[in-house]
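Some notes on the structure that comes next.
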Amino acid sequence: MIHRVFSDLASFKPIRFHAGLNVLVAEKTRTATDRQTRNGAGKSSLIELIHFALGADCKVGCIFRNEALRGHLFGIELDIAQRSVRVSRSGTSPSTVLVSGLDGTTGRTTRASQSELLTDQGYDLAEWRDILGTELFELPPSDRRTRFAPTFRSLIPYFARRQSTGGLDHPERCDKNQQIGSQQIAVSYLLGLDWDVPRQLQEVREKEKTIRQLRKASREGTLGRIIPSAAELRANLTLAERRVEALKERIASFVVLPEYTEREQEAAELTQRLNALADENTTDRLLIEDLEQAMATEAPPQANDVERLYAQAGVVLPDNVARRFDEVRTFHSSIVQNRRSHLRGEVQAAGQRIAAREREQAELDQRRAQVMELLRAHGALEQLTQLQGELSRAEAEAETLRQAQDTAERVETTAADLKMERATLYRRLQDDYHDEREVIDEAVVCFAELSAALYERPGTLTIDPTDNGPTFRIDIPAHRSTGISRMQVFCFDLMLMELWTRRQRGPGFLIHDSHLFDGVDGRQVGKALRLGAGRAAKLGFQYIVKLNSDELAKAELPPGFDVRPHVLDVELTDASETGGLFGLRFD
């Protein structure tokens, strides 16, 4: 149990607690807002202080890092395994916890019977959590703990829920950001069930998450040109390896010709000369055609045509004129013969030029064939370098595909293995629950008894094994009401408290914030207070309830139950700047 909360802050209001039911009442003025009441009266700050002393994280936003508080010590005095222990911590050095009442030499994480009282010894935060886990929940120290195993900080919130983290919304969840695996592991451990199956299922979820990330990266191209199917990757790899082998063969048979560039230039020049000769031959052939056509049309004028013209006109030409016509005819015939002789010479010269070029073409074409054969059989050093670079790229691509194929095969194989592992764990969970029937029945009966004390019909706690781990379903008649849902949390927490008290382990205290009773009918509030007081007195645990004065006034207390002896003698109010737990206001 918790004996007191304290601080070296001068304005702080220390609170002493007693066994059984403790009701901390804060006077709430009518004009105060919820935020003013919370920061002013300090009800919610009280539970934050208790968590702070019990090793909670002190991140940015933690009230104990506030400028008004960070230089002061805040602590609690509580029983740990029948030994009174004083714990204090400050926002200035949140990683160190000052503890008195523990043995600093004989296994600080051993049972309390071996402990000796000491005065304010500093402990590392992780070490302090180990001590609390071992002494209160029989947990192994962190260096012997398996991954995802329950820890003190994953269990204690079920006994001191915080509204600020959404811890009052669902019985099986103590934090709105708590993952399903953490819920299953913590609740299974607290109920006394096999928690290792939920732990292994969480490992399966982590592996499945990795597979999903790999597949997503593959689809989005993060890993390169990766095909999701291992079979497709295998086909692509086969083609890539074939290309690598072909390039290797080309390089192995490659012969470097030192004068490759010169021979390549010679081949180009030969081709250019052959093209020029062909063009010149074409020109001469066209010339021959023109000359032959000219020779065919070349003829002297006919003198008879002139004589016939004069005869038709009735004119008789004298003999001397006729002789003149004959001379002209002879002259023109001579000219035509000379012209034809010249044209025949031109045709013959063009033919000779064509023949000479054709001989040169034959020689050049033969040389070009020799050069081209030499180029085909050999290569330049630059070409070899290019081939080697291409081979390197092809080998890199093949290696990428090979790694991608290995990854895809591992993903597909792992996915199949995980499916089988889920089925195996599901079967094991079924067998475990069959063997642990008495443990489950104890929790079911306890929850039913507690809920029946609040409502006409008992509620039910159903624990089902599934392939995704255990499910914890809680049902109380009329559970759709906001108030009823909060009473599910109340009964669940009280059930856990009873189970651990019967085992003579656990924190020894249960704390409920006033937010738990928001929207709850006044009759159920009164019954809940009486039920908590009765169970705490009967089993010997401590039940701390924080209420606003108006909430307590609305509570319809059952006949014979007087809450006044349980109300703590401390005055908290939001009516003044100094009325709260810290004796000052801060943002």
Inset, instruction - Would you confirm whether any residue within the range 563-577 is assigned to a helix (DSSP H, G or I), at pLDDT 95 or above and closer than 27 Å to Leu191 by Cβ? - result: no
Inset, instruction - Within the range 54-72, track down each residue that is in a helix (DSSP H, G or I) and either within 14 Å of Leu581 (Cβ to Cβ) or touching a His at 6+ places or on another chain (Cβ under 7 Å) (or both). - result: Ile63, Phe64
Legend entry - Residues of the range 249-277 classified as exposed (fewer than 13 other Cβ atoms within 10 Å of the Cβ), of a type outside the set (S, T, N, Q) and modelled with pLDDT of 85 or more, total: 1
Inset, instruction - Would you point out the residue of the range 129-148, among those that are in a loop (DSSP other than H, G, I, E, B) and touching a helix residue (DSSP H, G or I) at 6+ places or on another chain (Cβ under 6 Å), that is farthest from Ile463 (Cα to Cα)? - result: Pro141
Inset, instruction - Within the range 435-457, identify whether any single residue is surrounded by fewer than 17 Cβ atoms within 10 Å (Cβ to Cβ) and in contact with a Phe, Trp or Tyr (Cβ under 6 Å, 6 or more places away or on another chain), and answer yes or no. - result: no
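For every residue, the table says whether it meets (1) modelled with pLDDT under 95; (2) not assigned by TED's automatic domain parsing to the domain that holds Pro465.
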{"site": "Ser164", "(1), (2)": "yes, no"}
{"site": "Asp169", "(1), (2)": "yes, no"}
{"site": "Gln200", "(1), (2)": "no, yes"}
{"site": "Lys209", "(1), (2)": "yes, yes"}
{"site": "Ser218", "(1), (2)": "yes, yes"}
Inset, instruction - Taking the options Ala246, Ala240, name whichever one is surrounded by fewer than 13 Cβ atoms within 10 Å (Cβ to Cβ), at pLDDT below 85, in a helix (DSSP H, G or I) and hydrophobic (A, V, I, L, M, F, W, C). - result: Ala246
Inset, instruction - Quick one: count up the residues across the range 381-392 that are more than 15 Å from Glu245 (Cβ to Cβ) and either of a type in the set (Phe, Trp, Tyr) or modelled with pLDDT of 75 or more (or both). - result: 1
Inset, instruction - Assess whether Gly540 counts as being buried (at least 17 other Cβ atoms within 10 Å of the Cβ), touching a residue at least 40 places away in the same chain (Cβ under 8 Å) and in contact with a helix residue (DSSP H, G or I) (Cβ under 7 Å, 6 or more places away or on another chain). - result: no
Inset, instruction - Return yes or no: is Arg427 at pLDDT below 95 and on the phi < 0 side of the Ramachandran plot? - result: no
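Would you mind finding the one in Thr413, Thr407 that is among the hydroxyl-bearing types (Ser, Thr, Tyr), out of contact with any strand residue (DSSP E or B) (no Cβ under 8 Å at 6 or more places or on another chain), loosely packed, with under 15 Cβ neighbours inside 10 Å and not in a loop (DSSP other than H, G, I, E, B)?
Testing whether each residue is among the hydroxyl-bearing types (Ser, Thr, Tyr), out of contact with any strand residue (DSSP E or B) (no Cβ under 8 Å at 6 or more places or on another chain), loosely packed, with under 15 Cβ neighbours inside 10 Å and not in a loop (DSSP other than H, G, I, E, B) leaves just Thr413.
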Inset, instruction - For Thr297, state whether it is surrounded by 13 or more Cβ atoms within 10 Å (Cβ to Cβ), modelled with pLDDT of 75 or more and over 19 Å from Gln352 (Cα atoms). - result: no
Inset, instruction - Run down Asp175, Asp196 and say which single residue is surrounded by fewer than 19 Cβ atoms within 10 Å (Cβ to Cβ) and either touching a strand residue (DSSP E or B) at 6+ places or on another chain (Cβ under 6 Å) or modelled with pLDDT of 95 or more (or both). - result: Asp196
Inset, instruction - Scan the range 482-506 residue by residue and report those that are over 17 Å from Leu450 (Cβ atoms) and within 38 Å of the chain's Cα centre (by Cα). - result: Thr482
Inset, instruction - Name the single residue, out of those in the range 97-109 being among the β-branched types (Val, Ile, Thr) and surrounded by 16 or more Cβ atoms within 10 Å (Cβ to Cβ), that is modelled with the lowest pLDDT. - result: Thr109
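Among Leu510, Leu557, Leu581, Leu529, which is the only one that is in a loop (DSSP other than H, G, I, E, B), buried (at least 20 other Cβ atoms within 10 Å of the Cβ), modelled with pLDDT of 90 or more and in contact with a Leu (Cβ under 8 Å, 6 or more places away or on another chain)?
Leu581
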Legend entry - Enumeration of residues in the range 82-94 that are small (Gly, Ala, Ser) and either surrounded by 17 or more Cβ atoms within 10 Å (Cβ to Cβ) or part of a strand (DSSP E or B) (or both): Ser84, Ser88, Ser90, Gly91
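The values are calculated or read from the model by the stated rules, or taken from the named source; none is laboratory data. Note that the structure is predicted; figures quoted are calculated from it, not measured. Cβ: placed from backbone, ideal geometry, glycine included. Neighbour counts: every protein chain shown.
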